[in-house]
Amino acid sequence: MKHSDDNKKGERGRGVKPGPRPWILASLALLLVATMAVSCLFGAVDFSWADLWQSPIFLQLRLPRVVMSALVGAVLSVCGAAYQSIFRNPLTDPYVLGVSSGASLGAAVAILLGLEAFLWGVGGMALAAALATVVLIYRIASIGNRMHTTTLLLTGVCLTLLISALISFLMVLNQEKMDAIIFWTMGSFGSSGWMDVWLMAPVAVVGIGVVLWHSRDLNLLLAGSEAARSMGVEVERVKRILLLATTLMVAFAVSSCGVIGFVGLIVPHAVRLVAGPDNRRLVPYSMLCGALFVLVCDTLARTLLRPSELPVGSLTSMVGAPLFIYLLYKNKRSY
């Protein structure tokens, strides 16, 4: 009898039974599709449903932008949920490892070199710089075959501050390009096309699949590395796989649309308060809620001041920061 009870406890520890509720996933998915359809109607140029599919503006500009905003929102939210479990801190966001700062430096250099005219000139430089920055941080934080998460976080913060100083220095020396650099760092889907979607989509699908596959391991990592190791988790291997997958997703997202803040912080945190900390629910719910959040913010960004456009990153921060403070205040007793 004791053996049977131990098995049940082990199953609960590994999280075999609970999972996402299909009706909630279906409802969120339908809401996302409906929001994408409605979002396609709004912009600098108005369309009717009859003219929608015949307009090159819709097919080549607006539709890929809508798809890209949903992909980036899903990616940032899933990465935020994964980082918060890996580092055991609900206030960790996807940019903590210096991905955004590295990408911003690469983009700034590309803009100063006049690479905007080339296909993925700025994005390609941003992606390369983001990956190089993360590799450098990993090398500093790894000793032997072990990766120290505290050192990883501290190195990411320090390198982010250093790179921010370098970007500021470059902007002071090249003030004529300052506006372009600042606008890129604030995030925008204004230049997103089908090429960006085809590059982002497979990275998002594979990366999110990896995080979902390891959602039980993420649950055990919340109890600490030693506890997870005692439950049979290969802690170092799992951390490396998850950090590689999430870093690639964030790097591709930032390189294609710039820095969009607060998504990976606020969405998983809000979902966690409603659905609980179980990553088998948290990850898929965050994926769909993040896609919805960024999609709505981008729709507002291109319609509130039309024909002018707001950087979507500034809008997500303006919406996300007060909401996050409200959630912290409402649930302050749990901290």
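The values are calculated or read from the model by the stated rules, or taken from the named source; none is laboratory data. These figures come from a predicted structure and were not determined experimentally. When we count neighbours, we look across all protein chains shown, and the Cβ atoms used for this are built from the backbone with ideal geometry, even at glycine.
In segment 63-87, what residues are more than 17 Å from residue 199 (Cα to Cα) and either within 12 Å of the chain's Cα centre (by Cα) or buried (at least 24 other Cβ atoms within 10 Å of the Cβ) (or both)?
77, 78, 79, 80, 81, 82, 83, 84, 85
Would you point out the residue of segment 277-314, among those that are among the β-branched types (Val, Ile, Thr) and under 20 Å from residue 81 (Cβ atoms), that is surrounded by the most Cβ atoms within 10 Å (Cβ to Cβ)?
Residue satisfying both the conditions and the ranking: 294.
Output yes when any residue across segment 56-67 is closer than 29 Å to residue 153 by Cβ, modelled with pLDDT of 90 or more and not basic (Lys, Arg), and no when none is.
For segment 56-67, residues closer than 29 Å to residue 153 by Cβ, modelled with pLDDT of 90 or more and not basic (Lys, Arg): absent.
Given the structure, is residue 172 crowded, with 16+ Cβ neighbours inside 10 Å and either modelled with pLDDT under 80 or hydrophobic (A, V, I, L, M, F, W, C) (or both)?
Considered against the rule, which asks whether it is crowded, with 16+ Cβ neighbours inside 10 Å and either modelled with pLDDT under 80 or hydrophobic (A, V, I, L, M, F, W, C) (or both), residue 172 comes out as no.
To keep it simple, each residue is scored yes or no on (1) farther than 18 Å from residue 284 by Cβ; (2) outside any helix (DSSP H, G or I); (3) out of contact with any Pro (no Cβ under 9 Å at 6 or more places or on another chain); (4) at pLDDT below 85.
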| site | (1), (2), (3), (4) |
| --- | --- |
| 191 | yes, yes, yes, yes |
| 200 | yes, no, yes, no |
| 205 | no, no, yes, no |
| 223 | yes, yes, yes, yes |
| 236 | yes, no, yes, yes |
| 267 | no, no, yes, no |
| 270 | no, no, yes, no |
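Within the group 78, 157, 135, 122, which residue is without any contact (Cβ under 8 Å) to a residue 12 or more places away in the chain, assigned to a helix (DSSP H, G or I) and either of a type in the set (Val, Ile, Thr) or within 27 Å of residue 285 (Cα to Cα) (or both)? So that I can check it myself, show each step before the final result.
Working: 78 fails: without any contact (Cβ under 8 Å) to a residue 12 or more places away in the chain; 157 fails: without any contact (Cβ under 8 Å) to a residue 12 or more places away in the chain; 122 fails: without any contact (Cβ under 8 Å) to a residue 12 or more places away in the chain.
When all the criteria are applied, what remains is 135.
All but one of (1) within 18 Å of residue 85 (Cα to Cα); (2) touching a Lys or Arg at 6+ places or on another chain (Cβ under 8 Å) hold for residue 274; which doesn't?
(2)
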